[in-house]
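Asker: Pasting in a structure now, in structure tokens, and then I'll have a few things to ask.
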Amino acid sequence: MRPHRVRTVRRLARAVVAASAAAATLAFGLVGTSQAADPTLREVAEPTGRFIGTAINDGLLSNSTYRNIAATEFDSVTAENVMKWDTVEPQRGQFNWSGADRLVQFAQQNDQLVYGHTLVWHSQMPGWLQNGSFSNSEFRTIMTDHVTTQVSRYRGQVQRWDVVNEAFNEDGTFRQSKFYQQLGSSYIADAFRAARAADPNAKLFINDYNTETANAKSDGLYRLVRDLKAQGVPIDGVGFQNHLIVGQVNGSAIQQNLKRFADLGLEVVITELDIRMRTPADSTKLQQQARDYRAVADACLAVSACSGITVWGISDRDSWVPDVFPGEGAACPWDDNYRPKPAYEALRAAFVAAGGGDPGDPGDPGDPGDPGTGSCTAAFTVSNRWATGSVVSVTVRTTQALNGWRAEFDLPSGVTVAGGWNGGFSQSGSRVTVTNAAYNGTVPAGGTFSFGFQTAGGAAQDGTAVSLGGQRCAAG
Ligand code: G3I
């Protein structure tokens, strides 16, 4: 991050324009467009030192609109389901890593953190485990072997793990899961020790819901993590899910609760944020929801140990909520048509207010004062132009080998990408993001890749600056 007054003012101006345009989300007519105004959530989150994440539904990664929003708006991803025990080890000793591998690869392609979810949980246990009959010592070994196998596989690639999920009842006593019934509360410490041994650098979390404010359940969780710390059990953080209800969010109570856990020397994370309402949504409810999202984000941003916020899904259409709470939904930051809601703007405004107005991005392709980093050169050539459009070809040379790439540039105001080739295109305000196609993501050091597109609403400018993976390329 570099302080830069001009950039700060420009970014803030963009944010204000974006906020006032919130309701007037434009139909770009471009498949894969996030339809959000500039800057993205990750751009405003990164300067605050916090991550902004989303749960990823593996089945939707083939949807280009979904994929583009996931790639451009977030710098952390959590598997919504594919890292859970029933998916990963459906039969004893037989592992299925396909979905989990896809998530990790997606994150690597898009410079994202991975939040691993989840290793030991009473729900989504495979049948052989749930219904099997095991001695206590065999069961303990099964559990620690599972933790060891999964954490080892992603050693160095998953930065945080929910080691134990939802261990508590509402009254603060331990949930009578199979783990607790057979092993007592010692299963928790054992799971953490196995995870630490498998990846000493991953941060290890315990995660739960209805623990966002001080209550009997969060008091039970507090006592546990305090004791685990005192005993030297390797626990690094606490995840607070935040599956909340519109109009019932108390930001200061959330902040105070985060703080008391942080004061134990633990990292805290908002791990599964969504805020549901009775459906259908209307503007009054959406405005209240925006205030509630803002309150949660502000609570995290006010606590220095709160390292990030993950939303539990991108679009209302893909959320788990209506399946579990009939008549409720509309809980996510994007609506059924992948248009950003007021809640999205509220999240962004929270990061801007916390210092995200100046991403200080050295790769900002819109910054004419940035000379580039020398790790890439880019030739942005307008090969044909007319009153309302143009054809552009871009060739980027990289000094470093790439396994997946993300290029960004700005088009003049009002100019949009009408169609492109050799990449996946999304546009947010004037900023265009292009990610590699399936066939051109691997580029050797010193190699080049190219893509092209046509514009509508006006012509692009020859020589427009391009950044690669957040690093501005020199003209070339
Ligand atoms: O994969 C099967 C598919 O083969 C089958 O045809 C289909 C029929 O219902 O079910 C599919 O499994 C579903 C799975 O999601 C994958 O889509 C399960 O039924 C469904 O219950 C499961 O729901 C997930 C839920 O956890 C399971 O408890 C939700 O997507 C997921 O959002 C939710 O996430 C949890 C967090 O992990 C922990 N905290 C609470 C949060 C919300 O419940």
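Asker: Using +1 at the C-beta of Lys and Arg and -1 at the C-beta of Asp and Glu, which of Trp128, Val147, Asn57 has the Cα lying farthest in the positive direction of the dipole of the range 36-147?
Answerer: So the residue we want is Trp128.
Asker: With θ taken as phi - 60° and the coefficients 6.51, -1.76 and 1.60, list the Karplus ³J(HN,Hα) couplings across the range 39-52 in order, rounded to whole Hz; mark glycine and proline as x.
Answerer: With the stated coefficients, the range 39-52 comes to x, 7, 4, 5, 5, 8, 7, 4, x, 7, x, 10, 9, 10 Hz.
Asker: Taking a Cβ-Cβ separation under 4.7 Å as the criterion for a possible partner, which cysteines of the chain have none?
Answerer: Within the chain, the cysteines lacking a partner Cβ under 4.7 Å are Cys332.
Asker: Could you run the Karplus curve 6.51 cos²θ - 1.76 cosθ + 1.60 with θ = phi - 60° over the range 459-470 and give me ³J(HN,Hα) per residue in whole Hz, x for Gly and Pro?
Answerer: For the range 459-470, the Karplus-derived couplings read 9, 6, 9, 4, x, 4, 5, 10, 10, 10, x, x Hz, x marking Gly and Pro.
Asker: From the backbone phi of the range 284-291, what are the Karplus-calculated ³J(HN,Hα) couplings (6.51 cos²θ - 1.76 cosθ + 1.60, θ = phi - 60°) in whole Hz, Gly and Pro given as x?
Answerer: 4, 5, 5, 5, 5, 4, 4, 5
Asker: Turning to a different aspect of this structure: Calculated from DSSP H runs of 4 or more alone, at -39500 (n - 2.57) each and per residue, what is the 222 nm mean residue ellipticity of the chain, nearest 500?
Answerer: Roughly -9500 deg cm²/dmol at 222 nm, from the helical runs in the chain.
Asker: What residues have an amide H closer than 5 Å to that of Val311, excluding those fewer than 5 places away on the same chain, when H is modeled at 1.01 Å from N in the peptide plane?
Answerer: So Val311 has HN proximity to Gly53, Thr54, Ala55, Leu273.
Asker: Next up: Rounded, prolate or oblate: which one fits the chain, using the alpha carbon gyration tensor with axes a ≥ b ≥ c (rounded when a/c is under 1.5, else prolate when a/b beats b/c, else oblate)?
Answerer: In terms of gyration-tensor shape, prolate.
Asker: Would you work out the relative contact order for the chain, in percent, from Cα pairs under 8 angstrom that are 6 or more residues apart?
Answerer: 17
Asker: Using a 1.4 angstrom probe, figure out how much accessible area the chain has per residue, in square angstrom, rounded to the nearest whole.
Answerer: Ligands and nucleic acids excluded, the result is 38 Å² per residue.
Asker: Scan around Gly419 for amide H atoms under 5 Å from its own, H built in the peptide plane at 1.01 Å from N, and keep only partners 5 or more places away or cross-chain.
Answerer: Gln454
Asker: Taking the Cα centre of the range 14-356 as origin, work out the dipole magnitude from +1 charges on Lys and Arg Cβ and -1 charges on Asp and Glu Cβ, in debye rounded to 20.
Answerer: 400
Asker: Here's something else I'd like to know. Kirkwood Rh, Cα Rg: Rg to Rh for the range 376-475?
Answerer: 0.95
Asker: Where does the charge balance sit around Val246 when Lys and Arg score +1, Asp and Glu -1, over other residues with C-beta under 10 Å from its C-beta?
Answerer: Around Val246, the surrounding residues sum to +2.
Asker: Continuing with this model, one more query. Given a 1.4 angstrom probe, I'd like the percentage of the accessible area of the chain that is carbon and sulfur, rounded to a whole number.
Answerer: Carbon plus sulfur share of accessible area: 50 percent.
Asker: Amide H neighbours of Lys341 under 5 Å, counting only residues 5+ apart in sequence or on other chains, H built in-plane at 1.01 Å?
Answerer: Distant-sequence amide H within range of Lys341: Trp334, Asp335.
Asker: Moving to a separate point now. Angle check, please: helix 5-20 long axis (alpha carbons) against the longest principal axis of the chain (alpha carbons), in degrees 0 to 90, nearest 10.
Answerer: 80
Asker: Which net charge results for the neighbourhood of Gly132, defined as the other residues with beta-carbon distances under 11 angstrom from its beta-carbon, given Lys and Arg at +1 and Asp and Glu at -1?
Answerer: After counting each charged neighbour, the total is +1.
Asker: Here are some pairs, Lys203/Lys285; Lys84/Lys229; Lys217/Lys259; which of them have Cα atoms lying more than 28 Å apart in this structure?
Answerer: From the list (Lys203/Lys285; Lys84/Lys229; Lys217/Lys259), the Cα-Cα distance tops 28 Å for Lys203/Lys285.
Asker: How would you order 291-298, 131-138 from highest to lowest mean count of nearby Cβ atoms within 10 Å?
Answerer: 291-298, 131-138
Asker: Please work out the Kirkwood hydrodynamic radius for the range 193-327, using every pair of different C-alpha atoms, and report it in angstroms with one decimal place.
Answerer: 15.8
Asker: Sorting check: for 223-232, 391-400, which peptide has the highest mean count of neighbouring beta carbons within 10 Å, and how do the rest follow?
Answerer: 391-400, 223-232
The values are calculated or read from the model by the stated rules, or taken from the named source; none is laboratory data. No experiment lies behind these values; they were computed from the predicted model shown. Neighbour counts are summed over all protein chains in view; Cβ atoms, including those assigned to glycine, are modelled from backbone coordinates with ideal geometry. The protein model used for the area step is the full one, side chains on, heavy atoms only, and it has no ligands, DNA or RNA in it. Shrake-Rupley method; radii C 1.70, N 1.55, O 1.52, S 1.80 Å.
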